Amino acid sequence: MATKVHMEALSPTMEEGRLVKWTKREGEAVKTGDTLAEVETDKAVMELVARADGQLIKVMVAEGTTVPVGNVVAYIGAPGEKVDGDAAPAPAAPKPSAVGPQPPVAPTPASPAPVAALADATRVKASPLAKRIAKDTGVDLARLQGSGPGGRVVKRDLEGAPAASVARAAVPAPVIARSGAAYDDVPLTQIRKTIAKRLAASLGPIPHFFLTTEVDMERAAEARDALNKQLGDQGKVSFNDIVIKAVATALTKHRACNAWFQEDHIRYWNEVHIGMAVAVEDGLITPVIRDADRKSLTEIGTEARELAQRARNRRLKPEEYTGASFSVSNLGMFDIDQFTAVINPPEAGIVAVGSIVAKPVAEGSQVVVRRRLRLTMSCDHRVIDGATGAQFLKTLKQMLENPLAMLL
C-alpha cells in the first residue's frame, strides 16, 4: 500500500506551509530521509523528507501552493502502483472588498499543475558536501559551473562563488506590480501571518510598560576600537555584540527579568539565552544566542553574524530561533535614536537599542561632546515591576559605561 506524504509541522508554531519546490519528481526512486520538497514555514525554508522507501508515484500539490499541516501532498509506493486521486487544495480566492474594483481571480485548475518537469529542469549535480555548504550559505548551485567529474559542483566551486550568489535570498521578496486598479491585494506570506498573530497575542494581553535610559558609550567605544585592532583580520566586534554581552551579564544579576510568563506560573531561567532580532525579507525573526553570558565578545560576534546570515537566507533550524529567555532589538544602524519594542511572548522583557550619537553633555562645569546611546526596556508588568526593571536597566547602563564591570 502506498505511503501518504503529509505536510508536516516543520516548526513549533507552523499551521500551514507553502510548497516552494519539489526536489524529487514523479517516478523517481526515494529512500527514507531523502529530501522531497522545500517548504516555507512561518520562520524559514525547511526540507520535507521521505518517511518511506519506494518511488514518488504521485505529486498532489503544485509548487507555490499553501497547504495546512496534515494534508496529503504526495504518495510514495511501488512502481506502477495506483492511488486514490485525492484532490489538491485549491488556492484561496481573495475576499471581496466593500469598495473599489476587484482584481480578476484566475480560475482554479481541476488538477495539480505538472511540477515534475520544472523540478527536473532545475536539478543540479553536486556533491553532498557542496549541497550542505550551499544550503547553509544560501548559494544558488544553479549559478555555478561545476569543476568535478561530469560538471559536478564540488566544495572548491563554492569557495569561489560570487557574492551575488551568496547573498541570494532563499525566498524571493513579494513582487507588488501595479495592475491599473484602485488597489492590489497581495497574499500574506507565512512569516507575515505569524508576525500578525504574535503581535496580537503580545500587545493585546500583555500589559507593557517602558523604561528608557541614556548611556555614555565613550569607554565602550574605546574598548571596541582596541579589541578590533588587536583582532586584526580574525574578526570584528560590533556595538551590538557588546550590548548583547552586557544584557546577558546583567540578567545573571537580575534573575527576575530573565523569565517567562506561563498560564499558571512564572519560569525563572537559570540560563541566559538572548534573542537577537534580525530583519529579513518581509518580516522579522529572532535567532537565539544560547548561554550568551558565558561567551566571549568574539564568540558572540561570530555566532551573531552566522545566525543573521542564515536568518536572511531563511535557513535557520527551529532550535536556532526558539527558546530565548530575553531579547534585544537594535535599530541603531537605521539612524533611529529611540524606539519601543514589542515583547516576544512568553518572554517578559526586551531591550530596544537606538543609534550612538555624539551629543554635548555637561561634565562638571564644562560642556563636552560624548557618544551617547538610548536604551528602552519593554517589560511585562505581570512578571517585572517598575523598580525591578529599573534596577536591571541601571546595572546594564553601568556595564556599558564601564565595560570592566562585565568581568565582575
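The values are calculated or read from the model by the stated rules, or taken from the named source; none is laboratory data. Just so you know, these numbers come straight off a predicted model, no measurement behind them. Glycine gets a Cβ as well: all are built from the backbone with ideal geometry, and neighbour counts include every protein chain shown. Calculation scope for accessible area: heavy atoms of the full protein, side chains included, ligands and nucleic acids excluded. Shrake-Rupley method; radii C 1.70, N 1.55, O 1.52, S 1.80 Å.
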Item to check | Residue list for the range 209-238, filter: more than 29 Å from the chain's Cα centre (by Cα) and either among the polar types (S, T, N, Q) or not assigned by TED's automatic domain parsing to the domain that holds Val368 (or both) | outcome: Gln230
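If you scan the range 203-217, which residues turn out to be closer than 19 Å to Val353 by Cβ and either modelled with pLDDT under 95 or of a type in the set (A, V, I, L, M) (or both)? Walk me through it before giving the result.
Looking only at the range 203-217, we keep the residues that are closer than 19 Å to Val353 by Cβ, and these are 208-217.
Passing the criteria: His208, Phe209, Leu211, Val215, Met217.
Filter the range 237-270 down to the residues that are assigned to a helix (DSSP H, G or I) and polar (S, T, N, Q), then identify the one that is most open to solvent (accessible area, probe 1.4 Å).
Among those that are assigned to a helix (DSSP H, G or I) and polar (S, T, N, Q), it is Thr252.
Looking at Asn330, Asn344, which is the one that is buried (at least 20 other Cβ atoms within 10 Å of the Cβ), touching a Ser or Thr at 6+ places or on another chain (Cβ under 7 Å) and in the same structural domain as Asp264 (by TED's automatic domain parsing)? Give the derivation first.
Details: Asn330 fails: touching a Ser or Thr at 6+ places or on another chain (Cβ under 7 Å).
Within the list Asn330, Asn344, the selection yields Asn344.
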Item to check | Candidates Arg315, Arg305, Arg310, filtered to the one that is assigned to a loop (DSSP other than H, G, I, E, B) and either touching a residue at least 12 places away in the same chain (Cβ under 8 Å) or not polar (S, T, N, Q) (or both) | outcome: Arg315
Checklist outcome for this item: Checked the range 292-303 for anything more than 16 Å from Leu407 (Cα to Cα) and open to solvent by less than 50 Å² (accessible area, probe 1.4 Å); matches are Gly301, Glu303
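Given the options Glu40, Glu63, name the one that is modelled with pLDDT of 75 or more, acidic (Asp, Glu) and surrounded by fewer than 20 Cβ atoms within 10 Å (Cβ to Cβ). Before the answer, list the steps.
On the way: Glu40 fails: surrounded by fewer than 20 Cβ atoms within 10 Å (Cβ to Cβ).
Exactly one of Glu40, Glu63 is modelled with pLDDT of 75 or more, acidic (Asp, Glu) and surrounded by fewer than 20 Cβ atoms within 10 Å (Cβ to Cβ), namely Glu63.
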Checklist outcome for this item: Per the filter on the range 220-230, residues open to solvent by less than 30 Å² (accessible area, probe 1.4 Å) and touching a residue at least 40 places away in the same chain (Cβ under 8 Å) are Ala220, Ala221
Checklist entry - Here is a list of conditions, (1) more than 24 Å from Phe392 (Cβ to Cβ); (2) touching an Asp or Glu at 6+ places or on another chain (Cβ under 7 Å); (3) open to solvent by 50 Å² or more (accessible area, probe 1.4 Å), and Glu306 meets all of them except one; can you say which number that is? => result (2)
Checklist entry - Are any of the residues in the range 84-101 within 16 Å of Glu26 (Cβ to Cβ), modelled with pLDDT of 50 or more and touching a helix residue (DSSP H, G or I) at 6+ places or on another chain (Cβ under 9 Å)? => result no
Checklist entry - Do you know which of the residues in the range 369-398 that are over 21 Å from Ala348 (Cα atoms) and within 30 Å of the chain's Cα centre (by Cα) is most open to solvent (accessible area, probe 1.4 Å)? => result Arg372
Next on the checklist: For the range 35-83, which positions are within 28 Å of the chain's Cα centre (by Cα) and of a type in the set (Ser, Thr, Tyr)?
Outcome noted: Thr35, Thr41, Thr65, Thr66
